[in-house]
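In what follows, a structure is listed as structure tokens, so that the remarks can point back to it.
The values are calculated or read from the model by the stated rules, or taken from the named source; none is laboratory data. All values derive from a computational prediction rather than experimental measurement. No Cβ is skipped: glycine too gets one built from the backbone with ideal geometry, and neighbour counts run over all protein chains shown. Calculation scope for accessible area: heavy atoms of the full protein, side chains included, ligands and nucleic acids excluded. Shrake-Rupley method; radii C 1.70, N 1.55, O 1.52, S 1.80 Å.
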Amino acid sequence: MVAGEFDTGTLGAATTALLRAMADGSDHGVMALQEQLGLNRRQFNNAARRLFLRSYATIVKPGVIRLTNGGKAAASSGEVIRGGPKGQVKIIKDTFRQRAWTAMRVRRCFTIGEIVADASRDGDGDQQDNARRYVSRLSAAGYVAEMPRRVSGTAPGSNGFKRWLIRQDTGPKAPVFRESACAIHDPNTGEDVACKTAS
Amino acid sequence: MKNTFVETSNTKRFLGAMHALDDRGAIEACMVVVDGKPGLGKTTTLSRWVAQTGSIYMRAQKGWDYSWFIKDLLTELSVSYEGIRGGRRERFARVIQELQSRAEEAALNGTTFGLVIDECDLVSNRSEIMEAIRGISDIQFMPTILVGMGRLRDNLRRFPQIESRAPNKVEFLPASREDVAALIEGRCEVAVADDLIDFVHKVSKGFNREILDAIANIEKFGRRIDLGPKGVTVADMAGQTLMNDRTHGKPIKVPGAF
């Protein structure tokens, strides 16, 4: 199916398109299907999950899916899936700050350098400033606290590196800084926490 | 010191064990036991792996009972314990449902998703908790990583049904000479000569924590002198403190001749 032949705004359209694209019953790579159907990752994953819920498709291995016998029968009979997703799926965004928050929760006591090393990926570029700004805002909202002793630096005249301690571990979703409100929005509790000082 | 993650042989063996799960023969053999003495890089490796894969990380608590464990797990899955209507069965079903959707999401993205239970020594003699972990991993066939120190492996022998599901055991061992060289090359911002790498390997006894202390001290020293072509040598650092001995806390100095 050529991208753009269906309206992704119509309930079930992407799911039906995915079902037809896999009608031959062979193994299909997720990336190739996304490209073929012109869907973004979220749209594709929602469509695939609807097929899983109906037992029309199965995961062969990470990144590869295939239709079940039921799915093949549905595809050959021309079934049109009209339903939306069953149940809400919580998707945690895979951003640098999300990975940094996860690393902070695992380590509990950390330096900016340790968090950058844990959360960075190839091609991320230098995330030192990003991490420093994020931790400073979390600190202003009371999520992390600076420890009294620093880790000594190695450069001549260095003041050393701050060591931080996680104070409020409210859950797995990374708190988000809202510049307009000068507050941290915590998706775990749904609350906005005012920052005492904003950098 | 550079903020980079260096893959040591321990990290490679851990990642190898995770890849081995994909090719396992028995589908229920989805547990990995990770153990080793403190300071060998377990937390660093796990922190990086969990952050990169978006897996669930839990730290076991001494007083954990079944309800507390499920409550903590639901919190990690962003589900309110109090918001679930019904009792124990409904809460367990919700855990499974949430884990399944996370595992599907990860599989669609071509990534690995697992459940990490750190400090597992604390609960590894508690059949109620260990059976609950086994139950969850059995239903999902989801990679489950049990992390501990000395007692974990011994305690698991009491549960043959769990022991048989964890054929992959990764013991974090002291760093080899190659690991020390890789850590120094990857993290140190000044060049270091081979003789000093040998000395760091010898006196650190392969503990990452001590190796990183040594790197900080070498770097501090190396930034203040004119380096030779080989980098900082033992002769350059003679008489300087390299690290503290973990057994008695006294500083270990670089000798005059080595």
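General observations
- Taking all protein chains together, B:SER176, B:SER80 sort by accessible area into B:SER80, B:SER176, largest first [probe 1.4 Å].
- Charge dipole (segment A:13-76, unit charges on Cβ, about Cα centre) - positive-most of A:ALA48, A:LEU37, A:VAL60: A:ALA48
- Put a dot 7 Å past the Cα of B:ALA20, heading toward its Cβ, do the same for B:LYS202, and the two dots end up 3.4 nm apart.
- Prolate/oblate/rounded call for segment B:28-134, Cα gyration tensor, a/c under 1.5 rounded: oblate
- Averaged over A:102-109, number of beta-carbon atoms from partner chains that fall within 10 Å: 5
- Whichever aspartates and glutamates have a C-alpha closer than 15 Å to that of B:LYS202, once near sequence neighbours (fewer than 8 apart) are set aside: B:GLU178, B:ASP179, B:ASP194, B:GLU210, B:ASP213, B:ASP245
- Among B:ARG223, B:ARG89, B:ARG102, the largest mean-square fluctuation in a Gaussian network model of chain B (Cα springs under 10 Å) belongs to B:ARG89.
- Dipole magnitude for segment B:9-171: about 320 debye, using +1 per Lys or Arg Cβ and -1 per Asp or Glu Cβ, origin at the Cα centre.
- Computed over protein heavy atoms with a 1.4 angstrom probe, the accessible surface ordering of B:ILE211, A:ILE112, A:ILE59, largest first, is A:ILE59, A:ILE112, B:ILE211.
- Within the same chain, lysines fewer than 8 places from A:LYS72 are excluded, and of the rest, those with a Cα less than 27 Å from its Cα are A:LYS61, A:LYS86.
- A DSSP coil position with no more than 16 other Cβ atoms inside 10 Å describes the following chymotrypsin sites (Phe, Trp or Tyr not before Pro) in segment B:67-155: B:TYR81, B:PHE141.
- Within segment A:96-194: Cβ-based charge dipole about Cα centre, in debye rounded to nearest 20 (Lys, Arg +1; Asp, Glu -1): 320 debye
- Averaged over peptide A:23-34, the number of partner chain Cβ atoms lying within 10 Å of each residue's Cβ comes to 1.
- Note on B:LYS62: lysines with a C-alpha under 18 Å away, same-chain residues under 8 apart excluded, are B:LYS71.
- For the set B:LEU173, A:LEU19, solvent exposure ranked by accessible area (probe 1.4 Å, protein chains only) runs largest to smallest as B:LEU173, A:LEU19.
- Think of each Lys and Arg Cβ as +1 and each Asp and Glu Cβ as -1; about the Cα centre, that makes the dipole of the protein assembly as shown roughly 1000 debye.
- Calculated [θ] (222 nm, deg cm²/dmol) that DSSP helices of n ≥ 4 give over chain B, each run adding -39,500 (n - 2.57): -14500 deg cm²/dmol
- Projecting the Cα atoms of B:THR75, B:LEU156, A:SER136 onto the charge dipole of the protein assembly as shown, computed from C-beta unit charges around the Cα centre, puts B:THR75 farthest toward the positive end.
- Sequence-distant residues sharing a close amide H with B:ILE252 (under 5 Å, placed H): B:LEU242, B:MET243, B:ASN244, B:ASP245
- The stretch between A:ALA194 and A:GLN128 holds 21.4 nm of extra length on full extension. This uses 0.36 nm per residue minus the Cα-Cα distance.
- Summing +1 for each Lys or Arg and -1 for each Asp or Glu among the other residues whose beta-carbon sits under 13 angstrom from that of A:VAL193 gives +1.
- Cβ-defined net charge surrounding B:MET149, 13 Å radius [Lys, Arg +1; Asp, Glu -1]: -2
- Rounded to 10°, Cα long-axis angle of helix A:41-53 versus longest principal axis of chain A: 50 degrees
- Whether the protein assembly as shown is rounded, prolate or oblate, judged on the alpha carbon gyration tensor where a/c under 1.5 counts as rounded: prolate
- The trypsin sites (Lys or Arg not before Pro) found in segment A:133-199 that occupy coil by DSSP, while having at most 14 further C-beta atoms within 10 Å, are A:ARG149, A:ARG150, A:ARG167, A:LYS196.
- Three-way shape call for chain B based on the alpha-carbon gyration tensor, with the a/c threshold at 1.5: prolate
- Per-residue shielding of B:51-59, expressed as the average number of other chain Cβ atoms within 10 Å of the residue Cβ, stands at 5.
- Electrostatic bookkeeping for A:THR95 treats Lys and Arg as +1 and Asp and Glu as -1; over the other residues with beta carbon under 12 Å from its beta carbon, the sum is +3.
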